[in-house]
């Protein structure tokens, strides 16, 4: 039977995970930023290994989706009312919405899939879901080029407001990170979350005006308020305003700012609170 020596100091032993105040936690994440850039590149290369087209599928999937939606909803169902460039309208909606959806759904499983790593090495666990968001950002950037090309080919003209797109991408990245941190901790505690998220995003897809103009179809002010408090609707509206022109309300800008700050602040705080429970 093994016995612990009387002179052995156990006070320095800690539970797995990074310990310290939240500011130090964020600092430790930043110190390991190289991980956030190297792993996503490897992940993107490995995702389509064994396929004939490889990483082209990251572009081909949303392009095929845009084609299907534009034909079904624009030509067959004719829901293009109030939209002068429906193909570009749908392209922005599908690409931008897909960035958030993939970030949250994939990132929600980052702790579960890396339990072995979590149990072996002490590091800020937030690196795992943030890396998932970074991976989807790298996949989104080529899609962004296709999105702009689609807009130009279908008649959209370059605008000064296009210069705001990098800022919008940063805001959406922060929004996605906050939502993904919340989803990752929730999923690590409750396995049902992975089944709920696809259904939730399906509701958001049709409730965010991805395929139709809310201004053209929703005239009731109270009902429109429900759209404005939906962060994905606000993201899409501001992207479309920046790329295609039109109007964006002050309420939509304020709502997006509040959602971004609130989700990221609560996400990093709440995720940090569960740091020592991941991997158990």
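Between the Cα long axis of helix 57-69 and the first principal axis of the chain there is an angle of about 40°, rounded to the nearest 10.
Of the residues 130, 258, the one with the fewest other Cβ atoms within 10 Å heads the list, and the complete ranking is 258, 130. Peptides 210-223, 86-99, 236-249, ordered by how many other C-beta atoms sit within 10 Å of their residues on average, highest first, read 86-99, 236-249, 210-223.
Between residue 27 and residue 200, the distance separating the two model label sites (each 7 Å from Cα on the Cα→Cβ line) works out to 3.3 nm.
Per 10 Å bin, what is the whole-percent P(r) computed from every C-alpha pair distance within region 91-187? Whole-percent P(r) values from 0 Å outward: 16, 41, 25, 13, 5, 1. Across region 146-280, Cα-Cα pairs farther apart than 19 Å form 59% of the total.
Helical content alone sets the calculated 222 nm signal of the chain at -21500 deg cm²/dmol, taking -39,500 (n - 2.57) per DSSP H segment of four or more residues and averaging over every residue. Computed from the Cα positions only, the extents of region 22-274 along the three principal axes stand at 56, 46, 37 Å, in decreasing order. Ranking of 31, 252, 136 by neighbouring Cβ atoms within 10 Å, starting from the fewest: 31, 252, 136.
Taking other Cβ atoms within 10 Å as a rough exposure proxy, 78, 194, 113 sort from fewest to most as 78, 113, 194.
Axis of helix 165-189 versus longest Cα principal axis of the chain: the two differ by about 50°, to the nearest ten degrees.
Global size of region 187-250: 14.3, 44 Å for Rg and Dmax (C-alpha atoms, Rg to one decimal, Dmax whole).
Here, each number is a calculation from the coordinates, and none is a lab measurement. Please read these numbers as outputs of a predicted model, since none were measured by experiment. Note that we place each Cβ from the backbone using ideal geometry, even for glycine, and neighbour counts take in every protein chain shown.
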